[in-house]
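Asker: Next up is a structure, given as structure tokens.
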Amino acid sequence: TFGLYGLYWAVSTKNEMNEMGASIPTAWLLIVPIANIYWEYKYAEGFATKVKKDNNTILWFLLLLFVSIIMPVIVQSELNKKA
């Protein structure tokens, strides 16, 4: 899928977290160099506060930034528990 499914998944989960009350900005920031780091921080913040409810934003941001292959598994698992 040339990475397109990953973007689709990120947008879908962002929308789901925003429905829970997170304030994650538009996913268009993902394709802008530097702005994508801000978007990832806001994504991790939304995940930490609205889904995981552990307020450990820095941990989730670093995990997303440096070990990005694991983060989708954790996010999807936690969202599935909420459903």
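Asker: Over the chain, what percent of the accessible surface lies on carbon and sulfur atoms, probe 1.4 Å?
Answerer: 65 percent
Asker: Top mean-square fluctuation among 24, 37, 69, Gaussian network model of the chain, C-alpha springs under 10 Å?
Answerer: Greatest mean-square fluctuation among the candidates belongs to 69.
Asker: Dipole size in debye (nearest 20) for the chain around its Cα centre, Lys and Arg Cβ +1, Asp and Glu Cβ -1?
Answerer: Details: 7 positive and 6 negative charges, 27 e Å.
Roughly 120 debye, rounded to the nearest 20.
Asker: Using alpha carbon coordinates only, what is the Rg to Rh ratio of the chain, with Rh defined as the Kirkwood radius? Please list the in-between numbers first.
Answerer: Details: Rg = 11.7 Å, Rh = 12.7 Å.
When Rh is taken as the Kirkwood radius, the ratio is 0.92.
Asker: Moving to a separate point now. Please compute the net charge surrounding residue 78, taking Lys and Arg as +1 and Asp and Glu as -1 over other residues with Cβ under 15 Å from its Cβ.
Answerer: Charge balance in the 15 Å sphere: +2.
Asker: What ³J(HN,Hα) values, in whole Hz, does the Karplus curve 6.51 cos²θ - 1.76 cosθ + 1.60 give for region 51-66 when θ = phi - 60°, with x put for Gly and Pro?
Answerer: Going residue by residue, I get 9, 7, 6, 10, 6, 10, 4, 4, 4, 5, 5, 5, 5, 5, 6, 9 Hz, with x marking Gly and Pro.
Asker: Suppose the chain between residue 11 and residue 32 were pulled fully straight at 0.36 nm per residue; how much longer would it get relative to their current alpha carbon spacing?
Answerer: Length difference between fully extended and current span is 6.1 nm.
Asker: Over region 11-83, what relative contact order in percent results from Cα pairs under 8 Å that are six or more residues apart?
Answerer: 23 percent
Asker: In addition: Out of the chymotrypsin sites (Phe, Trp or Tyr not before Pro) in region 1-67, which ones are loop residues according to DSSP with at most 15 other C-beta atoms within 10 Å? It would help to have the intermediate numbers written out before the result.
Answerer: Values: sites: 2, 5, 8, 9, 28, 38, 39, 41, 43, 47, 60, 61, 66; in loops: 2.
Filter output for region 1-67: 2.
Asker: Continuing with the same structure: Based on DSSP H runs of at least 4 residues, each adding -39500 (n - 2.57), what is the mean residue ellipticity at 222 nm of the chain after dividing by all its residues, to the nearest 500 deg cm²/dmol?
Answerer: Helix-only estimate at 222 nm: -19000 deg cm²/dmol.
The values are calculated or read from the model by the stated rules, or taken from the named source; none is laboratory data. Since the model is a prediction, treat every value here as computed from it, not as a measurement. Backbone-built Cβ (ideal geometry, glycine too); neighbour counts: all protein chains shown. We work out accessible area using only protein heavy atoms, side chains counted, and drop any ligands, DNA or RNA first. Shrake-Rupley method; radii C 1.70, N 1.55, O 1.52, S 1.80 Å.
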